[in-house]
Each structure stands twice: as C-alpha cells, then as structure tokens.
Amino acid sequence: MSSDGNVSPAEVVLGFLEKAEPWRLRPPQFPSKVGGKPAWLSQKGLPSLPGLECGTCRLPMAFLLQVYAPVSGHDRSFHRTLFLFCCKTPGCYTHNDSRCMKVFRSQLPRRNEFYPYDPPPEDEPLNDTEYNQSVLPVSGVKLCWVCGCPGNKACSRCHTVTYCGKHHQTLHWKHTHKKECGSQEASTVTTSPFLFPEFELVNEPEEEEEEGKEEDTKEAEGEEEGDGALRGGDCPSLADTLAETELEEMAMCETEDNKVLQRFKKKIAPEPHQVVRYSRSGAPLWISSQHIPSDQDIPACTCGAKRTFEFQVMPQLLNSLCVDAEISVPQSTLSPSVDWGTLAIYTCSASCNHDDQYCPEFIWKQDFSTDQHTQIKQS
C-alpha cells in the first residue's frame, strides 16, 4: 500500500478511509481506494464478464476496493494493484462462504503503453474535467455505466451508453436513463446507485507494541477444578461420561474462540477505524479460532508458485458502505446483508505475469459467530 512497495514481511500497514478530490482516484494517480468504479490499472486483459459474476447468484458483482501494492525489485510489478469485488445480493452472504467475492491482480512494468515513465504530478491535472469513465483512453475498451466493468452492450436507442449486460441496462433504465435517453445529460451523469460510496485509502504503519506478558484468563482451569467434585462417589455411566466430554470440548472451543476475539479487539484498539491491514507474506489477524485455512486450503497460483497472505479487509469497513443491515445488531436477528468478519487475500508469491491478463487470486472469508458479531460491532 505504500508508494514504493517497500513493506517488509514483518511490517503491517493500516488503511484508513478519507474523502478525496475525484482526480486523485483516477487511474493515472495509481490510487488505493474503496467504492465508486474501479480505477483499472492495465487497460487490456480486464476480467471477463463471467469472471465478474457472483459464484452464487450469477449476477454482476460490485467493485469493493483496490490496493496499489507494487513489489520492489521486480520491474514486471513496478505498478501493481489488487481489485476486490463483492456481490450486493444479501442472500449470497452465507456463513464462511466466499463465493460471493472475487479478487484480481494487475501489474505493469515502469515503461508501459498506458502511463508516463515518471511519477504522476501532485497537482490536479488541467484536463481532469475531460476524464471519461465510459471508455479506457488507450485501449478503447468500453465500460459499463452502472459498474465501471467492461461493457460492450449499448443502449439500442441512443447508442451512447454501454453496459456489461442486460441486468445493469435494466437497472439504469429504471433509475434515470428512461428520462435521459438521447439527451445531453445522459452522457455526463457518472454516478450510479449500484456503487458503494467512494473513499481514498490512505495508509500508515502500525506502531509496534512493547514486548510484554499477556494476561490470559484461565476460566477453563477453574472449571476443571470444579469437575473434580463430580468424580467422587459412584462411578458415572458411559452416557454421562460422553456427555461430560462433549460439554468440556464445547467449553474449550468457546474459550479459545473468545481468546481469539479478545486478541483481535486488543490489536485493533489503538486504531479502531482501520479498514485494511496490509502485510505481504505476513499473517492475518483472525477474529475466530474456527474456519482458519490450512496450507492445503490455499491453492497455488496457476504458475505453480505458492500463494501467500497479502492483506485483509476489516469488518469496520461495513460502517461506511451503506449496506442494508445495522451492523451493531447481531446478524441472526436481521434479514441477510452484505457482511463479513474479515476477508483475507492471498496472492502469488512470485507475482507472475499472465500474458498481461488480470489474474484471479484467492480470498478467504471468515465470519463471526452470532455472539462474536454482537461483541465486536458494539465495541
């Protein structure tokens, strides 16, 4: 997430939301951002329309965020951005199921056909008012008015507005295009109700905590001491023993889950508004002891290289997305909504090239239990 990509494996960089001038979120500025339309890095080899569909309902996904994360020392990834998309259908958010989300990687050498060799200027470009979000300037790839993804399907009446498919064409028609079709206004309006609110992602290193002993509560020990009184007298039946063992296992699981959650809350307490944690080749900060991936759960890249952790999206981001549910309320009391505990993104350790195509990477969605959902969202 830094401008030079020099993030050591042990270092964690935190991402925060900040309002920004629109020009700062354009592709030539190599932004990290949340919401709005994707600021595509390479103008060629964009994800296919089927690749941008939800794996559950097959509807087009919405752009969630992108992280500019170049890898220093490798010219092929001098510019490098990760793009995360998610479904906006509430019912697709089933527990610990990531099929409603996808992530793609794009990278370019410093000398490329889309951007100048030198870094972009710090001042607003004079021609920013002419920036066109309906077509990529160099490649000529047309973009969907609704979502900003590739879209060659044009309105049959005005032929000036394009869409990724029938679903978004219908959405735009019902929203405003029925009244605007053929007018000057149709080509100038650039906002869509389908999009998430747009913010810049600004970053700063996480301050290291001082080495110290963590005081862990040991409720299980007390419970074990109490269990000793039950062992006196008659020998318990096999059924009683099995029931007791099951209860002990459940208690241990709940205790471990609570410890993980408390560790999560303690870690984010100094910076409670963080929405992204970036640590390439580091480790995620889990919110639960359950549904943690093993090495076998993380598929290797198609080039054969191992995928390693790169960044995670925090639940705090939901506060700013204007999704359906009030996240301070336990999810079980609500109708389904866009929701997660944390999203861990794993990418090719070699950051390989794929013939200049946007490369799919791997995402792991870990959700809160009902009790955890209440605790973390109210903290």
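If S351 satisfies all but one of (1) at pLDDT below 80; (2) over 16 Å from the mean Cα position of the chain (by Cα); (3) more than 21 Å from I292 (Cβ to Cβ), what's the number of the condition it fails?
Against the list (1) at pLDDT below 80; (2) over 16 Å from the mean Cα position of the chain (by Cα); (3) more than 21 Å from I292 (Cβ to Cβ), S351 comes up short only on (1).
Before we move on, is S335 more than 18 Å from K102 (Cβ to Cβ) and modelled with pLDDT of 90 or more?
Criteria not met by S335.
Quick one: G140 ticks every box in (1) closer than 17 Å to L46 by Cα; (2) buried (at least 16 other Cβ atoms within 10 Å of the Cβ); (3) not charged (D, E, K, R) bar one, so which box is it?
All conditions are met except number (2).
Name the single residue that is farthest from the chain's Cα centre (by Cα) among those in region 155-178 being farther than 25 Å from G51 by Cα and in a helix (DSSP H, G or I).
K178
In region 53-63, how many residues are surrounded by fewer than 23 Cβ atoms within 10 Å (Cβ to Cβ) and touching a residue at least 24 places away in the same chain (Cβ under 8 Å)? It would help to see each step written out before you state the result.
Initially, region 53-63 is screened for residues surrounded by fewer than 23 Cβ atoms within 10 Å (Cβ to Cβ), giving 53-59.
From what's left, touching a residue at least 24 places away in the same chain (Cβ under 8 Å): 54-57, 59.
Residues meeting the conditions: 5.
Which condition does T129 not pass, out of (1) modelled with pLDDT under 95; (2) in a loop (DSSP other than H, G, I, E, B); (3) more than 23 Å from D356 (Cα to Cα); (4) not charged (D, E, K, R), if it passes all the others?
Among (1) modelled with pLDDT under 95; (2) in a loop (DSSP other than H, G, I, E, B); (3) more than 23 Å from D356 (Cα to Cα); (4) not charged (D, E, K, R), the lone unmet condition for T129 is (2).
Looking only at region 281-307, filter to residues that are of a type in the set (S, T, Y) and surrounded by fewer than 18 Cβ atoms within 10 Å (Cβ to Cβ); which one of those is farthest from S369 (Cα to Cα)? Give the derivation first.
The first filter runs over region 281-307 and keeps only residues of a type in the set (S, T, Y), leaving 281, 288-289, 294, 302.
The next check asks that each one be surrounded by fewer than 18 Cβ atoms within 10 Å (Cβ to Cβ); those that pass are 281, 289, 294, 302.
Working: S281: 27, S289: 11, S294: 20, T302: 33 Å.
Here the residue is T302.
The values are calculated or read from the model by the stated rules, or taken from the named source; none is laboratory data. What you are looking at is a predicted structure, and each value in this text was computed from that prediction instead of being measured. Don't worry about glycine lacking a Cβ; one is built from the backbone with ideal geometry, like all the others, and counts go over all protein chains shown.
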